[in-house]
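Take a look at the structure set out below.
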Amino acid sequence: MIRLQLFGTSGCHLCEQAEQIINDCLPINLELTIEIIDIAEQEQWQETYATCIPVLFHIEKKKDLGWPFDQTHVIQFIN
């Protein structure tokens with residue numbers, strides 16, 4: 001199972017675009033979970049991601065993919 005987190009915040013049009021890109025490029029049969037995280041919920045997330053959202057984080061690899069990214073970037077990041 002691959003676990004990803006998408007850090008963003010409500011009302012962020014770039015975060016909405018990022019979520020759509022991620023959803024559009026994921027194969028249906030891939031065992032994958034994506035947790036959408038609003039950085040406004042915790043101060044540490046605000047300090048870390050406030051100037052760079054949206055950010056896709058791969059939990060197992062402990063790596064992140066910062067914006068801008070497209071479908072090709074997301075697929076390479078997951079694999």
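We did not get these values from a lab; they are worked out from the coordinates using the rules stated. Predicted model only: the values in this text are computed from it and were never measured. Cβ sites come from the backbone with ideal geometry, for glycine too, and all protein chains shown count toward neighbours.
Things worth noting here:
- In this label model, residue 61 and residue 14 are separated by 2.1 nm, measuring between points 7 Å along each Cα→Cβ vector.
- Of the beta bridges in the chain, as assigned by DSSP with both residues counted there, near 55 percent are antiparallel.
- Calculated on the Cα set of region 1-66, radius of gyration then Dmax: 11.8, 36 Å.
- By the rule of a second cysteine Cβ within less than 4.7 angstrom, the chain holds isolated cysteines at 25, 52.
- Selected from 55, 5, 76, residue furthest toward positive end of dipole (the chain; charges at beta carbon): 76
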